[in-house]
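Everything below concerns the one structure shown next.
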Amino acid sequence: MKIFDPLNQLFVQFFQFLHTAVAGVIPDKNFSYGIAIILMTAIIKLILLPLNYKQTISMLRMNDIQPEVKKLQDKYKGDPQKSQQEMMKLYKEKGVNPMGGCLPMLIQWPILIALYYVFNSLKGINGVHFLWITDLGAHATVGNVLSWILPLLAGATTYLAGKLTTATGDSAQAKQASTMNVAMSVFLIVMSWNLSAALVLYWVIGNLFQAGQTIFFKKIKERHSDVAKV
């Protein structure tokens with residue numbers, strides 16, 4: 001899509017700059033390309049850190065008030081409109097925005113599209129090995145068992161990153177969120193099967209960064225809660 005062309009070109013130039021810098025220290029392209037992908041993932045995650053923080057805190061706060069949400073739903077079970085009104089009051093009282101986690105997720109897709117263009121336009125990446133990955137420029141194939149690892153990791157790390165922010169308990173929202181997380185993980189396995197290993201590697205590393213950030217943000221939130229109780 002032409003609308004993404006400027007962003008695509010920007011990412012191509014940025015990745016080439018990173019790879020040139022890494023190759024200056026590690027000339028072996030079987031390492032330099034993989035390390036450049038990891039560095040690019042880390043930089044993108046750092047740039048998105050403020051938005052990811054807001055997204056994670058919003059989700060964690062939503063999880064905290066799920067028992068109260070369930071009580072309201074049970075209380076006004078026969079009056080959906082009243083139930084919705086009371087929940088909106090609760091969200092306002094607790095400072096929770098139900099849509100607070102949407103913006104960072106929407107921003108991720110143009111980046112993913114741009115990186116899809118990057119890794120499909122870089123001719124030098126074809127045939128490059130990295131760790132167990134036999135070709136960073138190729139997608140998984142039935143005949144190459146090692147190529148199955150990345151798609152499976154994409155699904156597993158997607159599940160892990162989602163699990164850390166998914167509401168727990170027996171509420172309808174918790175069950176729905178858990179089901180969606182499993183469905184998204186399976187979808188990522190299927191989708192990753194047909195994407196270049198370089199792009200899937202970006203996704204896996206990004207999920208690991210996301211999981212680490214979530215654990216860190218949880219600790220910050222817990223500290224703030226402990227201070228507020230004193």
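The values are calculated or read from the model by the stated rules, or taken from the named source; none is laboratory data. All figures in this text were calculated on a predicted structure; none of them were measured in a lab. Please note: Cβ atoms are built from the backbone with ideal geometry, for glycine as well, and neighbour counts cover all protein chains shown.
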**Message:** Considering only segment 161-168, I want to know if a residue exists there that is within 21 Å of residue 32 (Cβ to Cβ), at pLDDT below 90, out of contact with any strand residue (DSSP E or B) (no Cβ under 7 Å at 6 or more places or on another chain) and hydroxyl-bearing (Ser, Thr, Tyr).
**Reply:** no
**Scope segment 21-47; condition over 18 Å from residue 197 (Cα atoms), free of Cβ contacts under 8 Å to residues at least 60 places away in the same chain and not β-branched (Val, Ile, Thr); matching residues** = 21, 23, 24, 27, 28, 46
**Request:** Mind listing just one residue for me: the one in segment 88-124 that is touching an Asp or Glu at 6+ places or on another chain (Cβ under 9 Å) and modelled with pLDDT of 75 or more and, of those, nearest to residue 62 (Cα to Cα)?
**Result:** 90
